[in-house]
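Heads up, the thing below is written out as structure tokens.
The values are calculated or read from the model by the stated rules, or taken from the named source; none is laboratory data. Remember, predicted model here, so these are calculated numbers, not experimental data. Methodologically, a virtual Cβ is constructed for each residue, glycine included, from the backbone with ideal geometry; neighbour enumeration extends over all protein chains shown. In case anyone asks, the SASA skips ligands and DNA or RNA and just uses the protein heavy atoms, side chains included. Shrake-Rupley method; radii C 1.70, N 1.55, O 1.52, S 1.80 Å.
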Amino acid sequence: MTALIDEHPHLGVEPVLRELSVPSSTYYRWRRAEREPCERVRRDAELTEQIKEIHADSGGIYGSPRVHAVLKREGVHVGRKRVERLMREADIAGISPRRGGFTRRDPKATLAPDLVQRDSPRVRRTGCGSPI
């Protein structure tokens, strides 16, 4: 809508808004909000900077629970869900300590010989390399 009004200033704001069925008060309030953000938007920007700093100081490891705990220790009164939302919007994520993978066997590889010569009735080997 703004692009239409900006590209065709000769049309005027009111006729365009009338055609789009948008109240003029809504348009002007929206334009004012772009120039002068509300207190919440300004506070979110400040908190986002603090969160980025804490996250960087941790080496990129801290997630929202730890960032929230650090903010609380520093005396910043903010909710955990707000920290989560701001981190998500800023594309910041912590690293999970349980992020370990596992090795998968190559199905084309030949099995290693059984050097122990296991022949226990409880542990019977199958062709896939795992006990039954």
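What number of residues in the range 44-67 are open to solvent by 40 Å² or more (accessible area, probe 1.4 Å) and over 19 Å from Arg98 (Cβ atoms)?
Going through the range 44-67 one residue at a time, the tally reaches 8.
Can you find, within the range 75-96, the residue that is most open to solvent (accessible area, probe 1.4 Å) among those that are closer than 14 Å to Ser58 by Cβ and not in a helix (DSSP H, G or I)?
Ile95
Are any residues in the range 10-30 out of contact with any helix residue (DSSP H, G or I) (no Cβ under 8 Å at 6 or more places or on another chain) and assigned to a helix (DSSP H, G or I), and if so, which ones?
Within the range 10-30, His10, Pro15, Arg18, Glu19, Leu20, Ser25, Thr26, Tyr28, Arg29, Trp30 qualify.
Search the range 77-100 for residues that are of a type in the set (Gly, Ala, Ser) and pair each with any residue that is part of a helix (DSSP H, G or I) and open to solvent by 70 Å² or more (accessible area, probe 1.4 Å) when their beta-carbon atoms are under 8 Å apart and the residues are at least 6 apart or on different chains.
If the second residue must be part of a helix (DSSP H, G or I) and open to solvent by 70 Å² or more (accessible area, probe 1.4 Å), the pairs left are Ala90/Lys52; Gly94/Arg66.
Would the range 46-56 turn up any residue that is in a helix (DSSP H, G or I) and touching a Phe, Trp or Tyr at 6+ places or on another chain (Cβ under 7 Å)?
Yes - at least one qualifying residue is present in the range 46-56.
Of the conditions (1) open to solvent by less than 100 Å² (accessible area, probe 1.4 Å); (2) under 30 Å from Asp6 (Cα atoms); (3) at pLDDT 85 or above, Arg31 clears all except one; give me its number.
Condition (3) is where Arg31 drops out.
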